[in-house]
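The values are calculated or read from the model by the stated rules, or taken from the named source; none is laboratory data. All figures in this text were calculated on a predicted structure; none of them were measured in a lab. Glycine also receives a Cβ, built like all others from the backbone with ideal geometry; neighbour counts cover every protein chain displayed.
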Amino acid sequence: MLSNWINAVIMGIVEGATEFLPVSSTGHLLLMKDILGFQGPQGNVFEIVIQFGAILAVVAVYFERLWKVARDARHSPEARRFIYAVLLAFLPAMGIGAFAHDYIKSVLFNPIIVSIAFIVGGIAILLIEKYAPEPTIDEIEHMPLKTALAIGFVQCLAMVPGVSRSGATIMGALMLKVERKVAAEFTFFLAIPTMAAATVYDLYKNASHLTFDDGALIGVGFVTAFFAALFVVKTFVAFVGRHGFAPFAWYRIAAGSIALVALLA
């Protein structure tokens, strides 16, 4: 159906626009899926895989920096620290996600939980913005490895749809005395291995159920999410530098409240 292809484009735009904002892209996709009546591949594989399309926007925008880190890793302690920090922060999500994957998909992927998580997450952002300690870490290359690991465990909160992976990691980093811009960039880089692993695992788990049309539908959402995310990645850090995270918190609270009222009604 043509409408399903149009819906795939809309879902891709929503994913790309929200992946790097602390508003939960997965939560938005689940709510939008409900609103549109979108019929994607079973197992929520569409929603997971198109997120990796958005993640590739980070690779495109930060390609020069990532290439420099890879090129200098052999002889530069700072480049190696960057790599170690990202990989160490990735480990908790890899381990916990592998064990909890089926439970999360079967129990937590529902609009009521998403709406509640929106509201709770918004309140948490407002509190952290007000009470976060003075930052002492101003470069990823200078981040203590124990701080990176702690951020990785905080990221696991985002396994609950509606919490927001970027929101959890950024807010966790702020509480661990990471400077605001560095916290935002670190969540971008951490997303690369995290979502790559989630994509591969989900495709592996659902490969036997996917049809050619499913693959084409995922491809449309994937490409759309990539281009939508390109714009967001380029503007997000500058916006946060001027306005902070409070606008996203109030948006979460308003959107979650409206969705919750609509769902319960």
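If only one of V233, V220, V178 is within 15 Å of F20 (Cβ to Cβ) and β-branched (V, I, T), which one is it?
On the way: V220 fails: within 15 Å of F20 (Cβ to Cβ); V178 fails: within 15 Å of F20 (Cβ to Cβ).
Being within 15 Å of F20 (Cβ to Cβ) and β-branched (V, I, T) holds for just one of V233, V220, V178, which is V233.
Scanning segment 169-186 for any residue that is of a type in the set (A, V, I, L, M, F, W, C) and not in a helix (DSSP H, G or I) turns up at least one such residue. Per the conditions (1) part of a loop (DSSP other than H, G, I, E, B); (2) in contact with a Pro (Cβ under 6 Å, 6 or more places away or on another chain), the sole criterion not satisfied by V114 is (1).
Find the helices (runs of 4 or more DSSP H) located wholly in segment 1-98 whose residues include 1 or more that are in contact (Cβ under 8 Å) with a residue 60 or more places away in the chain and in contact with a Ser or Thr (Cβ under 7 Å, 6 or more places away or on another chain), and list them.
Details: elements: 2-18, 25-36, 45-61, 63-72.
Counting at least 1 such residues, we get 2-18, 25-36, 45-61.
Identify all residues within segment 148-167 that are part of a helix (DSSP H, G or I), touching a residue at least 24 places away in the same chain (Cβ under 8 Å) and of a type in the set (A, V, I, L, M, F, W, C); write none if there are none.
Filtering segment 148-167 down to residues part of a helix (DSSP H, G or I) leaves 148-159, 165-167.
With the extra rule that they be touching a residue at least 24 places away in the same chain (Cβ under 8 Å), the set shrinks to 148-153, 155-156, 158-159, 165-167.
Of everything in segment 148-167, those that are part of a helix (DSSP H, G or I), touching a residue at least 24 places away in the same chain (Cβ under 8 Å) and of a type in the set (A, V, I, L, M, F, W, C) turn out to be A148, L149, A150, I151, F153, C156, A158, M159.
For A124, state whether it is within 21 Å of I48 (Cβ to Cβ) and more than 16 Å from the chain's Cα centre (by Cα). No: the conditions fail for A124.
Quick check on segment 198-215. Is at least one of its residues under 15 Å from V23 (Cβ atoms) and surrounded by fewer than 13 Cβ atoms within 10 Å (Cβ to Cβ)? Talk me through it step by step, then tell me what you get.
Let us first name the residues in segment 198-215 that are under 15 Å from V23 (Cβ atoms), namely none.
No, segment 198-215 contains no residue that is under 15 Å from V23 (Cβ atoms) and surrounded by fewer than 13 Cβ atoms within 10 Å (Cβ to Cβ).
Comparison of G172, G121, G152 shows that the only residue that is at pLDDT 90 or above, touching a Lys or Arg at 6+ places or on another chain (Cβ under 6 Å) and not β-branched (V, I, T) is G121.
Being touching a Phe, Trp or Tyr at 6+ places or on another chain (Cβ under 9 Å) and either at pLDDT below 95 or part of a loop (DSSP other than H, G, I, E, B) (or both) is true of E129.
Given (1) closer than 20 Å to T147 by Cβ; (2) surrounded by fewer than 16 Cβ atoms within 10 Å (Cβ to Cβ), where does V86 come up short, assuming only one miss? Result: V86 fails condition (2) only.
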